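Values quoted throughout were computed directly from the atomic coordinates according to the rules given, and no laboratory measurement underlies them. Bear in mind the structure is a predicted one, so any value in this text is a computation, not a measurement. A quick note on method: Cβ atoms are made from the backbone with ideal geometry, for glycine too, and the neighbour counts reach across all protein chains shown.
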Amino acid sequence: MIKILKSLNKKDYLIVLVSFMLIIFQVWLDLKLPDYMSEITRLVQSENATVSDIMRQGFYMLSCAFGSLISAIIVGYLTSKLSATLSYKIRERLFKKVNEFNMEEMKNFKTSSLITRTTNDITNITMFFSMGLQLIIKAPITAIWAILKILNKNFTWSMLTGGAVLILITMVVVLIITVLPKFKVVQKLIDNINNVARENLTGIRVIRAFNAEDFQTTKFEDANDNLTKTQMFTQKMMSIISPVMYLVMNMLTILIYFVGAYLIENALLADKINLFSDMVVFSSYAMQVIMSFLMLAVIFIMYPRTSVSISRINEVLDTDVKVKDGTFDSDTKELGVVEFRNVSFKYPDSEEYVLKDISFKTKLGETIAFIGSTGSGKSTLINLIPRFYDATEGEILVDGIPIKDYKLDRLHSKMGYVSQKAVLFNGTVKYNVCYGLDSKEEKLEDAIKVSQASEFISKMTDKTDSMISQGGTNISGGQKQRISIARAICKDPEFYIFDDSFSALDYKTDYLLRHELSKYAKDATVFIVAQRIGTIMNADKIIVLDNGNVVGSGTHKELLKNCSVYKEIAYSQLSKEELENEG
């Protein structure tokens, strides 16, 4: 809770203080009402009282009620504003924290879980602060103040009120012990149902192709049933509170009047009026005490779920980010130079090394290619350069500076990265190509031309203003790859990183794209991961990986002579004449 409250600033705490003062004022007004009611009762029985005296006390009662109403409206507005501000700031902190995550942290949280935490969990916190803040302050103040008012009125009435309070406290404690563990389960089940729904939507093509609609429906129904049953249990248990509360409250009123009637009947005539007045006042204050515990019960209903949500939010906020931001943010003397010094790497949840003792150095303008069998470590190696992971052993330098010393935004500003899976956003072609680069729109046409995307973009209805759906589902795989490549080219970076980004292109488009890129990016260093020999055979240096080891390094011709692994891959794809002709 304390960490969540750190999201508030001085202005927000001032709102809390003003709300606190207004609630105290509201409680004072509410507790004045029985006093005026007692005075009216006394005046009605008095021979010397006039109608104006009674009306004056009634006016005071109305003034207190109206003042209490105004205070409640102001407090409601202030707490709603505070809870909305808190929701905004928590959501912002959560989003920024997730943006700092690297691949290792992302594996610890499912996408569906992060969505639930950013929406449902924050909504639970917002509702608690919106409603609970008033009740947390008002309930104990009202209870203590009312108890002090009736403390010395009558021992029997006090015992009855104490017994009613004890019953309510016992009920609330039992319910919290029973229900709290279930609330933790509910949030996980919400994560699960989001995960199943998301899985169904993202995999809809495969589901239909395999006629698995019924299977997915059953899977969703199971998740839905589990969530519904758990929520039904928690809601049924919590629904006990309201009827028990009102039963206790009404029974207490009846008992107070029952005991009061007995006392009045046996009292002297002179004391009957005072006893009747005390009974009316006591019953009013007793109701205030019970209502205070009713308000506390509402808090107890809301808090268990809120506490679980707070824990889930803090779980994300407290996650230690392994890839720390450096401090270097200056220009470098060298450009286009990447050096691996005895780099080894293993994934955090693995005992085996994926890369072992990798060393090489590039020069500005070179094209470096990586090839090897599936699982040889090509993508892993290339993902170490932008620090998606940090090397387990050894050191990587970019332009002569260790990459761990760079500020991450400075390091990433040097790189144009294209992932294995083309990632497109909901927006226009222009938006996707110039993503995050509003100042680079003048590069748009060049990027589209070099990436060979102009061929299909020119046929679109609105050209570069044509809409691309989320994930690029309205265009082909090759078109998605070309737009992704255009996005990297538009950035005009110092380093290009292509992680198997030409796999969906036909041989002709692949060749034309590489030919145009070699001219356009002659002053940049290019890293290419590829499965096809034709994509990399003209690279300045080809690094061959096998089981995480470098088993060959050199040009295409050199590797054909000296590297059996490369030769095996090459002859499995192209004929001897095609290889000797170098495409």
Report summary line: Any residue on another chain or 5+ positions along whose placed amide H is under 5 Å from the amide H of Ser553 is listed here as Val544
Report summary line: Going fewest to most other Cβ atoms within 10 Å around each Cβ, Lys541, Lys229 line up as Lys229, Lys541
Report summary line: Relative contact order of the chain (C-alpha contacts under 8 Å, at least 6 apart) in percent is 14 percent
Report summary line: With x for Gly and Pro, the residue-by-residue ³J(HN,Hα) of the range 336-349, computed from phi through the Karplus equation 6.51 cos²θ - 1.76 cosθ + 1.60 at θ = phi - 60° and given in whole Hz, is x, 10, 10, 10, 9, 10, 6, 7, 10, 8, 9, 5, x, 9
**Report entry** Local electrostatic count at Glu339 - Lys and Arg +1, Asp and Glu -1, tallied over other residues with Cβ under 11 Å
**Finding:** 0
**Report entry** Alpha carbon centroid spacing (whole Å) that separates the range 492-551 from the range 445-472
**Finding:** 22 Å
**Report entry** For the range 137-146, Karplus couplings with θ = phi - 60° (6.51, -1.76, 1.60), whole Hz, Gly/Pro x
**Finding:** 7, 6, 4, x, 5, 4, 4, 5, 5, 5
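Quick one: net charge around Lys407, please, counting Lys, Arg +1 and Asp, Glu -1 for every other residue with C-beta under 10 Å from its C-beta.
On the way: positive: Arg410; negative: Asp325, Asp329, Asp405, Asp409.
Combined, the nearby Lys, Arg, Asp and Glu give -3.
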Query - Cross-link table Lys110/Lys421; Lys346/Lys414; Lys421/Lys541; Lys333/Lys404, entries beyond 21 Å C-alpha to C-alpha - result: Lys346/Lys414; Lys421/Lys541
Report summary line: The long-range amide H neighbours of Leu355, using H built 1.01 Å from N in the peptide plane and a cut-off of under 5 Å, are Phe345
Report task. Just round it to a whole percent: the fraction of Cα-Cα distances in the range 2-317 exceeding 26 Å. Result -> 61 percent
Query raised in the report: Around Ala267, which amide H atoms from residues at least 5 apart in sequence, or from another chain, sit under 5 Å from its own amide H, with H modelled in the peptide plane?
Result: none
Query raised in the report: Once both labels are modelled 7 Å past Cα along the beta-carbon direction, what's the Asn211-Phe258 spacing in nm?
Result: 7.1 nm
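Identify the GluC sites (Glu not before Pro) of the range 484-583 meeting these criteria: DSSP loop state and at most 15 other C-beta atoms within 10 Å of the C-beta. Intermediate values should be presented prior to the final figure.
On the way: sites: Glu494, Glu516, Glu558, Glu568, Glu577, Glu578, Glu580, Glu582; in loops: Glu494, Glu582.
When the GluC sites (Glu not before Pro) of the range 484-583 are filtered for loop state and at most 15 Cβ neighbours within 10 Å, Glu582 remain.
Which peptide among 376-382, 331-337 comes first, and what is the full order, when sorted by highest mean count of other Cβ atoms within 10 Å? The partial results should precede the final answer.
Working: 376-382: 21.6, 331-337: 14.1.
Peptide ranking by packing, descending: 376-382, 331-337.
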Report summary line: Between (i) 56.6; (ii) 37.6; (iii) 31.1, the structure-derived mean projected area of the Cα convex hull in nm² is (ii)
Query raised in the report: Leaving out same-chain residues fewer than 8 places away, which lysines sit with a Cα under 16 Å from that of Lys272?
Result: Lys153
Query raised in the report: Considering only DSSP states other than H, G, I, E and B, which trypsin sites (Lys or Arg not before Pro) in the range 271-331 qualify as loop sites with at most 14 other Cβ atoms within 10 Å?
Result: Lys322, Lys324
Report summary line: The helix 10-45 Cα axis meets the longest alpha-carbon principal axis of the chain at an angle in degrees, between 0 and 90 and rounded to 10, of 20 degrees
Report task. Please work out the Cα center distance from the range 354-402 to the range 132-163, rounded to the nearest Å. Result -> 70 Å
Requested in this report: Starting from the Cα gyration tensor of the range 416-492, take the square roots of the eigenvalues, sort them a ≥ b ≥ c, and report rounded, prolate or oblate (rounded when a/c is under 1.5, otherwise prolate if a/b is larger than b/c, else oblate).
Outcome: rounded
